[in-house]
Structures are given as C-alpha cells and as structure tokens.
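The values are calculated or read from the model by the stated rules, or taken from the named source; none is laboratory data. Remember, predicted model here, so these are calculated numbers, not experimental data. Here the Cβ is made from the backbone with ideal geometry for all residues, glycine too, and neighbour counts use every protein chain on show. Note: accessible area is taken over every heavy atom of the protein model, side chains too, but ligands, DNA and RNA are not part of it. Shrake-Rupley method; radii C 1.70, N 1.55, O 1.52, S 1.80 Å.
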Amino acid sequence: MAAFGALSLLVLTACSPREPAPRTPEPVRIAAVCDATQPGPAQPPDGAVRVDPAVPGDLIDKTEASPAGTTFWLSAGEHSLGTGRYSQVAPKQGNTYLGAPGAVLEGGQVNQYAFTGDAADVTIRHLTVQGFVPPHNEGVVNHDSADGWVLEHNTIQHNGGAGLMAGARQQVRGNCLRENGQYGINAYKAGNTITGLVVEGNEIVGNNTDDWESRIEGCGCTGGVKFWAVNGADVVGNWVHDNRGVGLWGDTNNNDFLIAGNLIERNDSTAIFYETSYNAVIRDNTIRANNWVEGRTFAERGDSFPAATIYLSESGGEPRIPARTDRIEIVGNVLEDNWSGITLWENADRFCNSPANTSSGSCTLLVDDPATCSAPGIETEPLLSDCRWKTQRVEIHGNRFTLDPAVVGCTVSCGRMALLSNFGTYPDWSPYVDETVQESITFEQDNQWHDNTYVGPWSFMPTDTSQVLEPEQWQTPPYRQDQGSTFAPNGGG
C-alpha cells in the first residue's frame with residue numbers, strides 16, 4: 001500500500017473458521033487523506049506536456065493534439081475547460097494526468113464532466129477535481145466507466161452526481177472523495193460486469209449532499225460507494241464516514257468481495273449493505289456510530305424492522321459461482337455503538353421475474369433467461385432454488401458487538417440482531433408463499449452466529465418481526481445460535 005496520511009485504530013485480527021477471534025487487537029492503518037493528499041511533482045517530469053491554467057480549455061486542446069500515452073502536467077492554479085456544458089477531457093489510451101501542488105480542475109457549476117470516453121489505462125494523480133454537475137446517476141471522472149484507470153492521491157469534491165465512475169481493473173487509492181452530490185464512487189458500467197476493482201486507502205466522506213433518497217423516495221441511489229455487478233473487489237483500508245445514507249453498498253449481482261480493515265463511522269444509514277449478491281469476506285473492520293438517523297426514523301414511526309449496521313438482503317454464499325470464498329464470512333470486526341447489529345433478510349416476494357423484484361430486469365447469476373422463472377417451471381428444481389437470491393451460507397463469528405444506549409440515544413428498537421423474512425404473498429403464482437422462506441432462512445440455509453462477544457443490552461429477532469428474544473432463547477432450541485459466544489448485558493465484559 002502507498003504511504004497515505006493516516007490515523008491509527010485497533011481492530012480484531014482474522015481467525016480461522018470455528019475459532020474465536022483473538023481477544024488482543026492489533027493496530028491497523030486507516031486513510032485520513034482529505035486535506036493531506038500526497039502532493040504532485042512541483043516540476044513537469046521529463047517529456048510531459050505542460051498545461052497552463054491561464055488558458056481556458058488548454059487541457060482539452062493539448063489532449064486532442066497529443067498522441068496516446070502522453071503525460072500531462074497541470075501547473076498550479078485553477079484550470080477551466082471552457083463554458084460549454086460538454087466541455088470535457090477525452091483522454092487517449094495510456095494518458096497520464098499529473099497535478100502540481102495547488103492544481104485544481106474547476107467545473108464552475110457549468111461543465112457536466114471532467115474526464116470522459118472509453119480509452120483504457122488512463123492515470124490521474126495529485127489533482128483536485130471540483131464543481132462539475134453531471135446528471136443524476138452519472139459521474140465526473142471516468143464518466144464512461146472505461147477500463148484500467150488508476151486514480152491516486154486526488155481530491156474529488158463538491159460535484160453533483162458521483163465523484164467518479166469505475167470500470168474493470170480500476171485502482172482507486174489514496175483519494176479524498178468528499179461531499180459529492182450523490183456518491184463518492186458509482187461502480188457501474190451499463191451492460192457489463194466490472195472485474196478486478198480495487199478501492200484502497202481512500203477517505204470517503206460527506207457524500208449525497210443532494211439527499212437523493214428524499215428527492216426520489218426509495219431510489220436506493222446514494223451513499224459513499226455503490227457497487228453494481230462487480231465481480232472481484234478489494235475494498236481495503238478506507239475511512240468511510242459521515243455520508244448521508246449508506247457507507248458501502250453492493251447492489252445486484254456483485255460477487256467475490258473483500259471488505260477489510262476499514263473504519264466505517266457516523267454514516268446516517270447502514271455501514272455495509274450487501275444486496276442480491278454473492279460470496280464475500282467482511283473482516284477486521286471497525287464500525288461505529290452508524291445508522292443513528294435511519295434507526296431513529298424507524299423507531300419514531302413505529303417500524304419494527306431491525307435497521308441494521310451490516311445488512312445482508314438476499315445475499316449469501318454460492319459455491320457454483322467462482323470466488324475467493326463460497327460463503328459470506330463476517331469475522332473479526334468491532335461494532336461499537338451503532339443503532340443495531342447485523343440483519344440477515346430475505347424478501348419472500350423478491351425473485352427473478354417477480355413484479356416485486358426491485359432489481360428491475362435483473363436475474364440471479366444462476367439463471368440465463370429470466371422468463372423461465374415463471375409457472376409452472378419455477379415450481380420444480382433447479383429453478384425453484386435458482387430463481388431467487390438466497391441469504392444462505394453466512395457465518396458470523398469472532399466479532400465484538402458493544403452498545404451503550406445512552407451514547408446512541410435510543411430507548412426502543414436498537415441493539416438488534418436479526419435472521420428473518422416476510423410471509424410470502426405475491427405474485428399469486430409464486431412458489432414461495434406463506435412461511436416457506438421464513439423457515440428456510442432461519443433453519444435450513446446454513447446461517448450461523450458463533451463465538452462472538454456482546455457487551456450491552458442485545459436482543460435477537462428470528463423468523464419474522466413478531467418476536468424479540470433474549471440471548472438464552474437465541475442460543476437454545478430451536479435456534480441454537482451464538483454457540484460459544486459471551487454476553488455482558490450490563491457492560492461488564
């Protein structure tokens with residue numbers, strides 16, 4: 001890892017399956033890079049093309065006039081791209097853009113995009129990019145999700161939409177992704193799966209300043225980072241904090257994720273949300289003071305659904321889909337004074353080809369033709385199993401969960417762990433009606449808590465939202481969860 005500005009904190013180290021995590025934590029370095037990003041070269045490297053901030057559009061003109069593989073050095077000052085809405089830089093393959101100390105690429109609340117096009121293997125380092133105004137769901141840097149880009153030590157801030165988009169083999173390291181209108185990163189490429197994504201050592205803070213969830217109710221379109229159909233991602237050593245919404249959100253057919261060694265704190269909603277996705281390792285993260293806003297909103301309106309800090313929704317391990325693991329393993333994390341804990345959820349009415357499928361038009365990775373997920377074929381195997389995203393093969397162990405209600409400011413509906421579904425009702429041809437999925441997620445799909453440490457007044461919600469259990473009920477038949485775990489309900493552990 002490059003040498004980032006950092007703060008130090010303690011998290012638990014990983015452990016092998018079925019063994020308690022070590023009680024003595026080890027220090028991990030977490031990125032604190034905003035306002036302290038590595039400075040770029042004070043002089044242009046040999047052979048670099050100098051870009052003059054006094055000449056509007058100089059970066060566009062010199063990019064067009066230079067061959068692929070050119071290095072551009074933006075000297076100190078504010079660089080503008082011109083007054084056109086689509087005044088933007090279209091890099092050529094292998095181009096490199098370096099910012100001198102104090103180099104700023106300014107959109108002036110006029111330009112929609114900074115860097116666009118499908119050229120691969122572009123590098124951008126040491127540059128501040130700000131003031132661009134892309135439309136909803138679009139991004140400023142790597143607008144077209146080209147492959148192989150390297151983005152290091154930049155500050156991408158105060159833009160609309162997403163600060164940056166992501167393509168395959170993209171490396172995002174040591175950046176400040178701050179106070180963008182919708183996302184810090186939107187990892188999405190229309191019609192394609194993104195492979196080999198690295199998000200390492202970034203500070204991702206204060207994004208969704210435009211509060212899109214209130215503008216488009218239920219849009220699911222905000223957060224620090226949103227991942228769509230990413231196959232293979234390392235999300236390591238980031239500081240994800242104070243975002244208006246979810247911190248890290250994997251949504252729809254993601255697979256093979258490592259989310260490790262991050263500090264995730266004070267996000268308004270869920271810290272880690274993994275939805276209709278597969279196979280992940282979530283380990284050695286410190287996760288604190290998240291989902292206070294969402295949890296309090298749920299409580300005030302009398303909503304009994306357990307607002308979660310780590311939320312798995314229709315996501316689980318699937319051995320038939322190649323990945324570094326065939327499970328979802330949540331291990332060695334420290335969760336401190338969040339509104340709640342971990343919720344494993346499966347919507348009985350949400351499956352491929354169901355009108356209730358909010359991942360509109362998407363199907364599981366096990367079914368080629370969504371139209372086959374209909375009666376009568378869906379009533380028998382293999383479609384009966386393969387047409388739905390399953391919360392299965394989840395193992396939660398070696399974590400430490402602490403809760404002080406006085407710190408969180410909660411009196412009801414906080415401090416919950418949950419393993420549940422809804423009563424299936426829709427559509428009328430669904431084979432998953434009644435208690436089918438509730439029973440499966442709770443008893444039949446190999447979802448297990450064990451060898452965790454609990455401090456504070458934790459409770460447990462199995463099967464559905466109608467019952468809340470104390471630890472001894474959670475540990476005994478028929479649930480038999482959290483074997484080998486310890487509980488200190490009054491904070492004495």
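Descriptive notes on the structure:
- Kirkwood-based Rg to Rh ratio, the chain, C-alpha trace: 1.00
- Ranked by how many other beta carbons lie within 10 Å on average, peptides 414-425, 78-89, 366-377 from highest: 414-425, 78-89, 366-377
- Ranking Phe351, Gly409, Leu384 by how far each Cα lies toward the positive end of the dipole of the stretch 316-424 (charges on Cβ) leaves Gly409 at the top.
- For Glu300, the solvent-accessible surface with a 1.4 Å probe is about 150 Å², rounded to the nearest 10.
- Applying 1/(1 + (r/R0)^6) with R0 = 60 Å to the Cβ-Cβ distance of Thr411 and Asp368 gives a FRET efficiency near 0.75.
- Here's the list of aspartates and glutamates a cross-link from Lys62 could span, going by alpha-carbon distance under 12 Å and ignoring same-chain residues fewer than 8 apart: Asp52.
- Surface per residue (accessible, 1.4 Å probe) for the chain, Å²: 37 Å²
- Working ranking of peptides 224-235, 48-59 by packing, defined as the average number of other Cβ atoms within 10 Å per residue, highest first, is 224-235, 48-59.
- The stretch 432-493 versus the stretch 311-350: alpha-carbon centroid distance in Å: 15 Å
- For the stretch 49-488, size of Cβ-based charge dipole, Lys and Arg +1, Asp and Glu -1, in debye: 1060 debye
- Distance from the alpha carbon centroid of the stretch 219-280 to that of the stretch 127-161 works out to 18 angstrom.
- Unit charges at the beta carbon, dipole of the stretch 49-488: most positive-side option, Pro67, Gly247, Gly139: Pro67
- Structure-based [θ]222 nm, the chain - -39500 (n - 2.57) summed over DSSP H runs of at least 4, per residue, nearest 500: -1500 deg cm²/dmol
- Partner lysines whose Cα lies under 28 Å from the Cα of Lys390, excluding those fewer than 8 positions away in the same chain, are identified as Lys189, Lys226.
- Share of carbon and sulfur in the accessible heavy-atom surface of the stretch 49-488 [1.4 Å probe, %]: 49 percent
- For Arg388, solvent-accessible area (1.4 Å; no DNA, RNA or ligand), Å²: 10 Å²
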